[in-house]
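The values are calculated or read from the model by the stated rules, or taken from the named source; none is laboratory data. Because the structure is a prediction, the values reported are computed rather than measured. Neighbour counts run over all protein chains shown; Cβ positions are idealised from the backbone, glycine included.
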Amino acid sequence: MTIDQFSKSEIEDSLHRIDAILESNIFAPEKDEHPLVRSAFIELLICLRDLMYKTENYSSRVTFDEDIVKKEEINDITDVIKYVRDALCHLDSDNHYLEKGNIKATYNVIRGRGTIVKLNDYEQTSEYSDDLCFFFGSQRIYLQRHIIRAIEEVKSKLLPIL
């Protein structure tokens, strides 16, 4: 399928914004308390969600599923990115809540390995000492293992056809 000029421009803009955000080093440990970390994360996920949609439309879906919390509507990284983007952009989304009841557990962030929330038999846990992990309800997304990897796969699928 041929990419129209408007979509091509949107893809290039999203890739540029993602690169600029990541090159700013806003997710470095020394910036954990910076007031714009959350804003950078939101824009990163908005741009990435659009790119995931366009990648599926113009090439093929990004489907890796390592370290994904699978459930009915979550099967791969494309689903996780949509889930997280929806939570970020819609404060009334159910994606902020744990499945077990009316407990809101959203935008919890942990650097490295550890548990940030433990309620009865449920835990929001990061399994890796070398990554930054964001939680929305019962879903988690890692910066390196999920977001950066998805960006690289998007680039490998879209850049050759731009």
**OP:** Please find, among Leu15, Leu22, the residue that is within 30 Å of Leu162 (Cα to Cα), crowded, with 18+ Cβ neighbours inside 10 Å and modelled with pLDDT of 95 or more.
**Re:** Leu15
Original post:
Restricting the first residue to the range 26-47 and requiring it to be under 18 Å from Asp130 (Cβ atoms) and modelled with pLDDT under 95, which pairs with a second residue that is buried (at least 16 other Cβ atoms within 10 Å of the Cβ) and among the aromatic types (Phe, Trp, Tyr) meet a Cβ separation below 6 Å and a spacing of at least six or different chains?
Top reply: none
Subject >> Residue match in the range 123-146 (condition: among the aliphatic types (A, V, I, L, M), free of Cβ contacts under 8 Å to residues at least 24 places away in the same chain and within 20 Å of Pro29 (Cα to Cα)) >> reply: no
Original post:
Among the residues of the range 43-58, is any part of a loop (DSSP other than H, G, I, E, B) and surrounded by 15 or more Cβ atoms within 10 Å (Cβ to Cβ)?
Top reply: no
**OP:** Could you grab me the full set of residues in the range 114-136 that are part of a strand (DSSP E or B) and surrounded by fewer than 19 Cβ atoms within 10 Å (Cβ to Cβ)?
**Re:** Gly114, Thr115, Ile116, Val117, Lys118, Leu119, Tyr122, Glu123, Thr125
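Table: residues versus (1) out of contact with any strand residue (DSSP E or B) (no Cβ under 6 Å at 6 or more places or on another chain); (2) more than 16 Å from Leu159 (Cβ to Cβ); (3) not basic (Lys, Arg).
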position: Thr2; (1), (2), (3): yes, no, yes
position: Lys8; (1), (2), (3): yes, no, no
position: Ile18; (1), (2), (3): yes, no, yes
position: Glu23; (1), (2), (3): yes, yes, yes
position: Asp32; (1), (2), (3): yes, yes, yes
position: Leu51; (1), (2), (3): yes, no, yes
Original post:
If you check every pair at least six apart or on different chains, which have Cβ atoms under 9 Å apart with a residue in the range 94-113 that is modelled with pLDDT under 80 and part of a loop (DSSP other than H, G, I, E, B) first and a residue that is among the acidic types (Asp, Glu) and loosely packed, with under 14 Cβ neighbours inside 10 Å second?
Top reply: Lys100/Asp121
**OP:** Report yes if Leu91 is within 26 Å of Lys8 (Cα to Cα) and either touching a residue at least 40 places away in the same chain (Cβ under 8 Å) or more than 14 Å from the chain's Cα centre (by Cα) (or both), otherwise no.
**Re:** no
